Amino acid sequence: MESVGGVISHDRAAPSDGRQTGPLIVTEDVELLDDLLRLCAAAGARPEVHHGGPKGREGWDTAPLVLVGDDAADRVRGAARRRGVVLVGRDQDDSGVWQRAVEIGADHVLVLPDGEQWLVDRIADVAEGVGRPALTIGVIGGRGGAGASTLACALAVTAARAGHRTMLVDADPLGGGLDVLLGGEAADGLRWPAFAASRGRVGGGALEESLPELHALRVLSWDRGEVVTVAPEAVRAVLTAARRRGGVVVVDLPRRVDEAVAEALDQVDLGLLVVPAELRAVAGARRVASAAGMVLRDLRVVVAGGAGSGGFGGRGGPGGLASEEVARLLGLPLVGEVPWEAGLLAAQDGGVPPGGAARGPLAQFCAAFWGRVPVGATGGDA
């Protein structure tokens, strides 16, 4: 049993299927009820309200969360013991609240308004049915033009094709927009500027539904307007919401590391550093790896285009480094090598996204990657 505190969130997501996914509220205190209903709305939940105590065991036993007003503690004392009961009051100086919590078997004691943020988060978790977080893969170019955005798109496309709930996040505001790379720059849906001022909790379901759907995955990209600064707090809130839905999240990361990028790196389970097989690219990638490695827990190298190639779609010249040598020089584990794919750029112009050709080298590399790093290991399936 613990006491919690915080400030109010502004998540207004609501369930779209009409199911009662929220908590059971037991109170006759009108003002407290108004507060609890407001917090449920902020969390996107539909509560059930019982005045004067629980009406039968069904609601009490099956509700995912029970919020008992301090005024109703006496009336629920005889109810069956269960987990997920929160005793809610307003009097910071009421020492007797702890005794009443013990008597009704409450897991938590919450005093408003200090505990509002915690309660909103808890209700939202219940409403969204939070399970295992998404397996989150970050992709970073060792140098400009290495093919990181291409690989990020291909990983997302192949994950979606395999049936996983997939979200692709463009964390590079200067990259031109991954929706363009996927042929969806005109698709309806929100882009990063809509989330630039996000604070507190962002609803995972609402985020997913608000984004463009391209090639069976959701894409959070940039628009073609003026560059908008997204606060680190907004990056954290959005990526946390994306991961909360489970499945796969692929993040295309810039080579620089500022506070906002550090927030994204902090939520990445595995980072892939894309490096063409040439000495100059390795020299540049070493600096990128050093900066990203200060935050990222697991960083590995993908060699782009094979020996002598300038990336997945580049043609490069002879005399490149072997993949094992690239990994050795960087001191990073080698994930593998993606050979040059003939016609990749022309296919994109024709509406086929990176990884869209299931038998192409890029798609086969990504499928093999997902086979070695199964989504169910650290993330949730769709």
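Where helices (runs of 4 or more DSSP H) sit wholly within segment 24-109, those with at least 1 residues that are open to solvent by less than 60 Å² (accessible area, probe 1.4 Å) and over 21 Å from Glu128 (Cα atoms) occupy 30-42, 97-104. Annotation note: of Ala289, Ala285, Ala231, the sole residue that is of a type in the set (Gly, Ala, Ser) and at pLDDT below 95 is Ala231. Contact map, segment 286-303: first residue over 21 Å from Ala322 (Cβ atoms), second residue part of a helix (DSSP H, G or I) and open to solvent by 10 Å² or more (accessible area, probe 1.4 Å), Cβ cut-off under 8 Å, separation 6 or more or different chains; pairs are Val295/Ala262; Val295/Asp266. The residue of segment 110-135 that is modelled with the highest pLDDT, among those that are in a helix (DSSP H, G or I) and of a type outside the set (A, V, I, L, M, F, W, C), is Glu116. The C-beta contact set for segment 103-119 (first residue over 12 Å from Gly89 (Cα atoms), second residue among the basic types (Lys, Arg) and open to solvent by 40 Å² or more (accessible area, probe 1.4 Å), distance under 6 angstrom, 6+ apart or interchain) comprises Glu103/Arg77; Ile104/Arg77; Gly105/Arg81. Taking Leu273 as the residue in question, decide whether it is closer than 14 Å to Pro173 by Cβ and either modelled with pLDDT of 95 or more or among the aliphatic types (A, V, I, L, M) (or both). So Leu273 fails the test. Do we have any residue at all in segment 171-189 that's crowded, with 20+ Cβ neighbours inside 10 Å and of a type in the set (Val, Ile, Thr)? No, that holds for no residue. Criterion first (modelled with pLDDT of 80 or more and more than 28 Å from Ala292 (Cα to Cα)) does Gly356 satisfy it? Yes, satisfied. For segment 237-258, the tally of residues that are closer than 20 Å to Arg201 by Cβ and surrounded by fewer than 19 Cβ atoms within 10 Å (Cβ to Cβ) stands at 1. Considering segment 203-213, the residues that are of a type outside the set (Ser, Thr, Tyr) and open to solvent by 20 Å² or more (accessible area, probe 1.4 Å) include one that is modelled with the highest pLDDT, namely Glu213. Would you mind telling me which numbered condition in (1) over 22 Å from Asp252 (Cα atoms); (2) surrounded by fewer than 20 Cβ atoms within 10 Å (Cβ to Cβ) Ala162 fails? Checking Ala162 against (1) over 22 Å from Asp252 (Cα atoms); (2) surrounded by fewer than 20 Cβ atoms within 10 Å (Cβ to Cβ), the one that fails is (1).
Looking at segment 317-364 only, could you name the residues that are charged (D, E, K, R) and surrounded by fewer than 21 Cβ atoms within 10 Å (Cβ to Cβ)? Across segment 317-364, the qualifying residues are Glu324, Glu325, Arg328, Asp349, Arg359. Listed by position, the strands (runs of 3 or more DSSP E) contained in segment 212-283 that have at least 3 residues being among the β-branched types (Val, Ile, Thr) are 248-253.
The values are calculated or read from the model by the stated rules, or taken from the named source; none is laboratory data. None of these values were measured; they are calculated from a predicted model. For neighbour counting, all protein chains shown are included, and Cβ atoms are generated from backbone atoms with ideal geometry for every residue, glycine included. The area values use the complete protein model at the heavy-atom level, side chains included, leaving out ligands, DNA and RNA. Shrake-Rupley method; radii C 1.70, N 1.55, O 1.52, S 1.80 Å.
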